[in-house]
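Trainee: Attaching a single structure in structure tokens format; questions to follow.
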Amino acid sequence: MYDIKPLEKEWNKYKKKQRRPYYILIGFVLILSVIIFILKFKGISLSNLNKSDTDENITKSSLSINHKTKDINVTTKPSNNPMNPDDVFVDEKVLNSSISGNIKKSKVKIDFEINDANDPKIYKEIEKRFTQSPNSDDSMFLSRMYYNKKNYHKSAYWSLETNKINGNIEESWLIFAKSKAKIGQKNEAIRVLSKYINKSDSLEAKRLLKTLKNN
Amino acid sequence: MISRYQAAKNVFVDSIDVDDYIELDTSMAAYKQLEYSITKPLKMILLFGKPGTGKSILLNRIEDKLKHQKEIHYFETPTVNEKEFFHKLFKVLIKKDLPRNTEVNFSTLIDFCKSLRGKREIIILLDEAQMYDAEMMEKIRLLSDTRSIKFVVALHKTEDEDLIAKEHFQSRIWEIIELKNSAKDDLKTYIHKKLLKKNLFEIANAIKDNDMKFIHKVTKGNFRECNKLMFTIFEISEYYDENEPGKISYETMPKKIIEMAALKLGYINV
């Protein structure tokens, strides 16, 4: 046969053409696999990202809570008996809207009483803070707390300190008078209370004075 | 050194030699049907099928088998010349040659055939009958009416089959035998038997079922196309056997060679 070589070439072309659909199919399967792999990988990345976002949000929110001391408006419920532990309600405001509103305005009940009463270190810290930066809120807090703990000497002391900073805090005057009466200095208590009544004409002070005089 | 494939190649040279006849289930069925039809009092038997379905070799076979029992004659090449046809026919009837220049009168021929009725029954096998024109076929029809000559007309199956549709011809065809392309198993048997006839066992065994599936697919089961393809396959194998023996295997027929042969013959394209 003289034309075997051209025939072989023709056969090679034929085989390539015959295999083409298989190559196309394999190529298609490979491309599809790569696409599926990429999509799955992106899906995992997104879920990780979402998780880290959530973590970040939690961290940010916790940070914002930690840094809320300056921004928290602490309000005490007015009470007839200031000796009773008040429930302190804290208003949390949205500090940063960029944290996607994860932090919502809510009232969080913070139980200072339970924590502070059992930990004398806190008193020390507040006392230390007062010496560094006198503050009627701190001294008033200490006066109140010591009175509840029946440490009348200290409560009288801290009431006096409060009156030195701000002589218009009625509770401080009342705690001072009661503390003095408790430690046996009734006359002193009456004298100080009378002096306050002259100044403020407070009904509450008048009632207390009457009680001290009768008892 | 002569390649073993040279002998295999020659097995598939296309011929209608009766010695090359292969008995297959389908061909045997057709043979038996034809043999039975010939015995019936029929005027004309139509044997038709696509080229390469084995019409000619069947006619040859039946002539070879019945020549000692009946007056059966095989007209292989169609004689388009009417004069030559009648000369041939007359020779069969009177069993001797007519002088060359003798004109055969058709009417006389008809009368002579009528006189033979009941005394002789002559069977004429007309191959490639599609080449006879309408006028010729009409005369053949008239000769069959004498009932002393029975014609077996073999022709290609036409698309519109107008020859069969003609009323005067149709009424005279009492039997129609159709030959079709073979099934895969028959084709496999055909190839194997042809090779085994020449003691080429190893080559026959080297052709596997998958190869046969492809061969049948590209040849559509046609014997002539199969002969061409097998011849080409062994021609290519012969070349490799002589020049590049590394590319040939005696145990299995390389698919590449079969596909190359199919490409060469145009059964498949790039």
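Trainee: Considering region A:182-215 alone, what residues qualify as being under 20 Å from A:Tyr157 (Cα atoms), among the charged types (D, E, K, R) and over 40 Å from the mean Cα position of the chain (by Cα)?
Mentor: The answer is A:Lys186, A:Glu188, A:Arg191, A:Lys195.
Trainee: Considering every residue within region B:93-102, establish whether at least one is free of Cβ contacts under 8 Å to residues at least 24 places away in the same chain and among the hydrophobic types (A, V, I, L, M, F, W, C).
Mentor: yes
Trainee: Still on this structure: Please work out which one of (1) farther than 22 Å from B:Tyr190 by Cα; (2) within 11 Å of another protein chain (Cβ to nearest Cβ) is the condition B:Ile248 fails and give its number.
Mentor: The failed condition is (2).
Trainee: Name the residue that is nearest to B:Leu200 (Cα to Cα), counting only residues in region B:233-261 that are small (Gly, Ala, Ser) and within 29 Å of the chain's Cα centre (by Cα).
Mentor: Among those residues, the one meeting the criterion is B:Ser237.
Trainee: Another question about this same structure. Please go through region A:9-31 and pick out each residue that is more than 16 Å from B:Pro254 (Cα to Cα) and among the hydroxyl-bearing types (Ser, Thr, Tyr).
Mentor: A:Tyr22, A:Tyr23 - these are the residues of region A:9-31 that are more than 16 Å from B:Pro254 (Cα to Cα) and among the hydroxyl-bearing types (Ser, Thr, Tyr).
Trainee: So, one more: Does at least one position in region B:184-207 carry a residue that is at positive phi and either assigned to a helix (DSSP H, G or I) or within 14 Å of chain A (Cβ to nearest Cβ) (or both)?
Mentor: Checked against the condition, which is being at positive phi and either assigned to a helix (DSSP H, G or I) or within 14 Å of chain A (Cβ to nearest Cβ) (or both), region B:184-207 yields no hits at all.
Trainee: Against the definition (without any contact (Cβ under 8 Å) to a residue 24 or more places away in the chain and either within 14 Å of chain A (Cβ to nearest Cβ) or not in a helix (DSSP H, G or I) (or both)), how does B:Tyr240 come out, yes or no?
Mentor: Yes, satisfied.
Trainee: Can I ask one more? Can you say whether B:Met260 is in contact (Cβ under 8 Å) with a residue 24 or more places away in the chain and away from chain A (no Cβ under 12 Å), as far as the supplied structure shows?
Mentor: It is false that B:Met260 is in contact (Cβ under 8 Å) with a residue 24 or more places away in the chain and away from chain A (no Cβ under 12 Å).
Trainee: Among the residues of region B:208-223, which ones are surrounded by fewer than 15 Cβ atoms within 10 Å (Cβ to Cβ) and away from chain A (no Cβ under 14 Å)?
Mentor: If the condition is that a residue be surrounded by fewer than 15 Cβ atoms within 10 Å (Cβ to Cβ) and away from chain A (no Cβ under 14 Å), then B:Lys208, B:Asp209, B:Asn210, B:Lys213, B:Lys220 are the ones that fit.
Trainee: Among B:Leu179, B:Leu265, which is the only one that is more than 14 Å from chain A (Cβ to nearest Cβ) and either among the hydrophobic types (A, V, I, L, M, F, W, C) or touching a strand residue (DSSP E or B) at 6+ places or on another chain (Cβ under 8 Å) (or both)?
Mentor: Exactly one of B:Leu179, B:Leu265 is more than 14 Å from chain A (Cβ to nearest Cβ) and either among the hydrophobic types (A, V, I, L, M, F, W, C) or touching a strand residue (DSSP E or B) at 6+ places or on another chain (Cβ under 8 Å) (or both), namely B:Leu179.
Trainee: Restricting to helices (runs of 4 or more DSSP H) lying wholly in region B:41-142: which have 3 or more residues that are crowded, with 18+ Cβ neighbours inside 10 Å and modelled with pLDDT of 85 or more?
Mentor: Correct list: B:55-66, B:82-94.
Trainee: Take B:Ile233 and decide whether it is modelled with pLDDT of 90 or more, touching an Asp or Glu at 6+ places or on another chain (Cβ under 8 Å) and either part of a loop (DSSP other than H, G, I, E, B) or more than 10 Å from chain A (Cβ to nearest Cβ) (or both).
Mentor: no
The values are calculated or read from the model by the stated rules, or taken from the named source; none is laboratory data. All values reported here derive from a predicted model rather than from experimental measurement. Ideal geometry is used to build each Cβ from the backbone, glycine not excepted, and the neighbour counts take in all protein chains shown.
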